[in-house]
Structure formats: structure tokens, C-alpha cells
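Presented below is the structure to which this report refers.
The values are calculated or read from the model by the stated rules, or taken from the named source; none is laboratory data. Note that the coordinates shown come from a computational prediction; the quantities given were computed from them, not determined experimentally. For neighbour counting, all protein chains shown are included, and Cβ atoms are generated from backbone atoms with ideal geometry for every residue, glycine included.
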Amino acid sequence: MNKETYTKNPPIAVNLSKFRLKTVWAILLSFILLAYLLYFQLPVLNLRFLSWVPALAFVLLPFWGILKARKTLRYIYIVFLLILILAPFFSSGLFRAKSYRKLIGDIQSSEFSDLVSPIDMAQVPIIDEAFARSLAEKKLGEDFALGSRVHLGNPTIQMVKGKLFWVVPLLHSGFFKWLANRDAGTPGYIMVSATNSQDIAFIREVNGEPLNIRYQRNSFFNKNLKRHLYLNGFTGIAMAGDTFELDDDGEPYWTITVYDHTIGVRAPESLGLATVHACTGKISYYPLIKQEDGSFSDQNIPAWVDRVQPSYFVIPQLDWWGKYVNGFWNTVFGKRDILSTTQGYNVIYGNDGQSYFYTGMSSIGADEGTVGFVLCNTRNKKTSLYLISGATEYAAMRSAQGKVQQFKYYATFPILVNLNDIPTYFMTLKDAAGLVKMYCFVSVRDFSLVGVGETVKSAREDYLMTLASSQIGSIYGELTGRDTFIGHVSRIATDVKDGRSFYYFSLKEKPGLIFVATSNLSSYLPLTTENDLVSIEYLATDETEININEFINSSLEN
């Protein structure tokens, strides 16, 4: 039997030392590589950014084929390598801890109720981002032909004519879909009310003009959003992520924060805002004016713009403020007085109509508790600190889930609301299909105080009843003021909600007001009738339906 013999192929070796190019061809090839990088990679042409280093190293590669240039090229590449190593090192907190801590600006202590107005039940944002996207997908699915060529962009919550909406742009679903519709673009956007799941609108035209969103991140070549800006002068400053926002007339714009590095090659800081009309591509630039306290004057920014400061700039700056409180070496050894932001953040709207980033602040090693929370204006970066010890957002979520553990609902990330001047977490409880089943309020100060209900109103009533009978309610009563009143019952009735009996009554001396309590507050409530003389106590409020925290029936006691 003949044995087959196999010959082993020698490995292919690439010997760069034998690579040769004529000078003319090396220059030409370098220009081609340069054009490719500038058009497709969009490097920031600024010494404070390091993206130009590998880009330039790539452009110079053809000169390796010129024998006389190799020695010089070696030195250039060594310098590039040193820049990539040393520039970030000397820009670190080891050398610039004080500069990092000052980056967020002056943080002012403030009263919670001064900035966050008492909650309006009709304006509670019960729709989170995931649910808004799901509702928008259903709306898009109504147009079968359109659903095959576009997909949804990132939903953005914003105030539109005094109401909160999630605004969702339509984007091209791929290169060939863009190629077939590059002139027509995508036909508009979808608006989903943040307070009403039935209020969904597909906006295809504004003022009688059809919307053709040509400039977007999913367009190609000159219609690509970032490339459009880059080719129109935005080469020496960096561009942060884009946000889809509407002006007062419903015209769609992309808002892009432009920024620079302020501490060596690190620590991004906003310089201004670029807006691009999503249909026409018109570019406008609005600079921010730095103030002495570290915040910005946003007088140049259009009023309809909700966000200028990206969360991924603000949250690290808050962490640096808490981390470098006693310098760099304290972060390694002593770790005294160090604070950090809690996991996650949310956007809330203040009584000034502007949006704020909300996040808790906790001490190192505190998993469940916070020492306070901060609100940072998303336009001008003015930051307020509220020193209130309490629960973290995730601790509150677990407490809410524990309240309804028999249903196996999961809690959404909470938002911070002002309930009778009491900082409170509000969240929705969803089932496995992602549908909202219940609503929940949790006290920031004590996450064991939970109120749930199948409506926002019933959850609020349950929470206030729980709060009124707790020590937390007493503490806040001393801070915000209690009202005590003696009067005669004009009418009383009961209502059973979620297995609990609620008593509603009015007083002859207080027409137009309804007082609410449960039998847990007083055993005299079920026996109370019209014309009984009662004494009540409640937290001062402007609302017409008031939860009381003390009830005495003088007619029965006498």
C-alpha cells in the first residue's frame, strides 16, 4: 500500500522591511487615507483630543515604503505612543484632583419645595421610556408598508406646550432602505403622552407641510447627521450624542452638545449647542456663557430646548465632586467623607418648567441608604443639594415589589415627586408582559412607607394614610405646619378600595373641602354621623381633598 506523502506549505511571512514605495505614490496614498479618515471617521482636530494621534499614524503609514523616511517615522511613532500614555496620565485625578472637583461648579443647598412643585395628579408621568417605545411601535405597526422600511429612534421626554410627551423619531432601517428613500427621508415622528397611554399621535406634517426627516444618524454620506455638522465647520470641537426635540410649532430638530476637554485630554465640558433641522439640514449654533460659580448662562439657548448638558457629563462630574473632597490620596487610603452618586438617574421637571437630572448621593459602602440627593439643571448645569437621609432608588423599588410580591410585579425606575412638600418616589408596577398594573409611592426618608393602588389617585391616598400614621408624617408635619380644626360633620360616607375602608366626610364650617381617613386612625370613624362635633388635624395643603392624621369625635367621647 502506497503511503501518501503530504508536503507542508511554508508559512506566509510579511516582511515590512522590503516594502517600497516611490515618494509620489506614498504622498498620493497618504492623501487618500487622509480623505478617508476625515470623511468617514470624523476625528476631532484638536490637541485636547487623542483621536488625531492614531489617525495621523495611519495616514503616515505609506511613508514606511520610503527607505530614507523610516528612521524619522520610527521616532514619530514613539512620540505618538508616549502621547497616548502620558497625556491621560498627567490629566488624571492624581495631579488635578482639585480641578476635577470644581468642574460641576458651586453646589447650592436648597429647600426641596422651592424647586419641585407639589405634584399634580393629572401631570404624573406614568409612562416610562420602555412603555412609550412599546406604544409607539404599536402605532407604527398600523402602517404595514412603513413598518418594513423604518424603525424607531430613542424616545425623548420633553415638555411640549405645557404637557409631557415622549417624542420618538422614525429612522431608516438600513443602507438600502435609505438609498431608496434618500430624498423623501422618513415621514415624521410619533408623540406619546407621558401621562395618558391613550394619547398617541403620528405626526406626518406640520403647518400643512409634510415632514421628511432626511438628516439623521441612520442616513449615509452627506445626509448623515454628524458628517453634515463636521463638513460645515465642526471639526475642531467634539460632538456629543444627538437628541430629538421639537420647537413650539412642532418642527423637528436634532440638538447636539459640542464640547471640549478642560483638564488636559480628559473631563469633557459643554461649550454650546448645535441644532440641525431634521428636514432641511439648517444648522444653528448657540454658545454657552461660563459663569463664576461654574454654571452656565443659557440665555442664548432657545426656550424650547430641554436638554443641553448630557447626563454622561453631569453624573461623572458629580462623582468627582464627591470623590475628591479631600484630595486624591484620600480616595486610596483614608476615604473620609467620600460621596458618590447612586446607581441610575432620572429626569424630572421643576416648577420653573425646566428639566433636571435627579440622582441620589450616598457615602462609600452604603448600599441601601442616601445622605441626600441632587437636582442638576439640564440646560445650565446649576446644581442643588438636598441633605435628606433616605433610601436609594433601587431600595425603594425592592420595597415596592415586596408590597405586591404575590403578583410578581416589577417596579420601574422611580421619579422624584413633591407630595405635600414631602420628597417621594413614584413608580409604576408592571407584569411580565410589560403592562402597567399598579402605581406606587414610596417615602424617600423611610422606604418601608409604601402606598399602592390600581390608579394614581388610590395609590396616593394609600400612601398619605400610611404616612399620616407614621413618625415620618409627624416629622414633616412639624416642618411644613399642621392645621387643627373643630367643626360639625355635614356628610360622611365610606368607600372600600383594595380591601381597605376609607371614610370621606365634610364639615359645615369648611364647605368645599373633603377629609379622608381610615378606621386605623380612629375607632370612632365608623360610628360618626352627621352633626357630630369632631376635631381633626392635617398637614397644611392647598388641595380640596385632604388626608387627616388625627381624628377625635367629641360628641361620642362626651
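Listed values, structure above:
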| quantity | calculated |
| --- | --- |
| Residues within the range 413-422 that are in a loop (DSSP other than H, G, I, E, B) and surrounded by fewer than 22 Cβ atoms within 10 Å (Cβ to Cβ), tallied | 2 |
| The range 177-197 - residue that is assigned to a strand (DSSP E or B) and free of Cβ contacts under 8 Å to residues at least 60 places away in the same chain and, of those, farthest from the chain's Cα centre (by Cα) | THR186 |
| Top-ranked residue of the range 322-355 - restricted to ones that are within 14 Å of the chain's Cα centre (by Cα) and assigned to a loop (DSSP other than H, G, I, E, B), ranked as nearest to VAL124 (Cα to Cα) | GLN354 |
| Matching residues in the range 24-57 - criterion: being under 20 Å from LEU86 (Cα atoms) and either in contact (Cβ under 8 Å) with a residue 60 or more places away in the chain or over 37 Å from the mean Cα position of the chain (by Cα) (or both) | VAL44, LEU45, ASN46, ARG48, PHE49, LEU50, ALA57 |
| The range 342-386, subset at positive phi and in contact with a helix residue (DSSP H, G or I) (Cβ under 9 Å, 6 or more places away or on another chain), residue surrounded by the fewest Cβ atoms within 10 Å (Cβ to Cβ) | GLY344 |
| Odd one out for LEU271 among (1) aliphatic (A, V, I, L, M); (2) in a strand (DSSP E or B); (3) within 19 Å of the chain's Cα centre (by Cα) | (3) |
| Boolean, LEU135 is at pLDDT 95 or above, in contact with a helix residue (DSSP H, G or I) (Cβ under 9 Å, 6 or more places away or on another chain) and either buried (at least 18 other Cβ atoms within 10 Å of the Cβ) or more than 30 Å from ARG379 (Cα to Cα) (or both) | no |
| Within the range 492-537, tally of residues that are part of a loop (DSSP other than H, G, I, E, B) and of a type outside the set (D, E, K, R) | 10 |
| Residues of the range 151-172 that turn out to be over 17 Å from GLU251 (Cα atoms) and either at pLDDT below 95 or in contact with an Asp or Glu (Cβ under 9 Å, 6 or more places away or on another chain) (or both), as a count | 3 |
| Residues satisfying the stated conditions in the range 494-509, i.e. basic (Lys, Arg), out of contact with any helix residue (DSSP H, G or I) (no Cβ under 7 Å at 6 or more places or on another chain) and either crowded, with 16+ Cβ neighbours inside 10 Å or closer than 15 Å to ASP462 by Cα (or both) | ARG500 |
| Hits in the range 280-296 - residues which are surrounded by 16 or more Cβ atoms within 10 Å (Cβ to Cβ), at pLDDT below 95 and assigned to a strand (DSSP E or B) | PHE296 |
| Unique residue being over 18 Å from ASP128 (Cβ atoms) and touching a Ser or Thr at 6+ places or on another chain (Cβ under 7 Å) when the list is VAL442, VAL450 | VAL450 |
| Complete set of residues in the range 143-158 that are more than 15 Å from ASN196 (Cβ to Cβ), assigned to a strand (DSSP E or B) and touching a residue at least 60 places away in the same chain (Cβ under 8 Å) | THR156, GLN158 |
| Filter result (more than 17 Å from GLY250 (Cα to Cα), outside any helix (DSSP H, G or I) and of a type in the set (Lys, Arg)) within the range 198-233 | ARG217 |
| Answer residue from the range 442-493, given it is modelled with pLDDT of 90 or more, among the small types (Gly, Ala, Ser) and surrounded by fewer than 23 Cβ atoms within 10 Å (Cβ to Cβ) and is nearest to PRO511 (Cα to Cα) among those | SER490 |
| Enumeration of residues in the range 359-394 that are within 20 Å of GLU245 (Cβ to Cβ) and not in a loop (DSSP other than H, G, I, E, B) | CYS376, ASN377 |
| Set TYR439, TYR410, TYR425: member being over 16 Å from the mean Cα position of the chain (by Cα), more than 20 Å from ASP306 (Cβ to Cβ), surrounded by 22 or more Cβ atoms within 10 Å (Cβ to Cβ) and aromatic (Phe, Trp, Tyr) | TYR439 |
| Scope the range 520-558; condition within 15 Å of THR494 (Cβ to Cβ), out of contact with any strand residue (DSSP E or B) (no Cβ under 6 Å at 6 or more places or on another chain) and of a type outside the set (A, V, I, L, M); matching residues | ASN520, SER523, PRO526, THR529 |
| Hits in the range 261-273 - residues which are surrounded by fewer than 20 Cβ atoms within 10 Å (Cβ to Cβ) and within 29 Å of ARG214 (Cβ to Cβ) | LEU271, GLY272 |
| Test for GLN401: is it under 19 Å from TYR463 (Cα atoms), surrounded by fewer than 20 Cβ atoms within 10 Å (Cβ to Cβ) and in contact with a strand residue (DSSP E or B) (Cβ under 7 Å, 6 or more places away or on another chain) | yes |
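Residue by residue, here is whether (1) touching a residue at least 60 places away in the same chain (Cβ under 8 Å); (2) out of contact with any Pro (no Cβ under 9 Å at 6 or more places or on another chain) holds:
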{"residue": "GLY236", "(1), (2)": "yes, yes"}
{"residue": "ALA240", "(1), (2)": "yes, no"}
{"residue": "VAL265", "(1), (2)": "yes, no"}
{"residue": "PRO268", "(1), (2)": "no, no"}
{"residue": "ASP293", "(1), (2)": "yes, yes"}
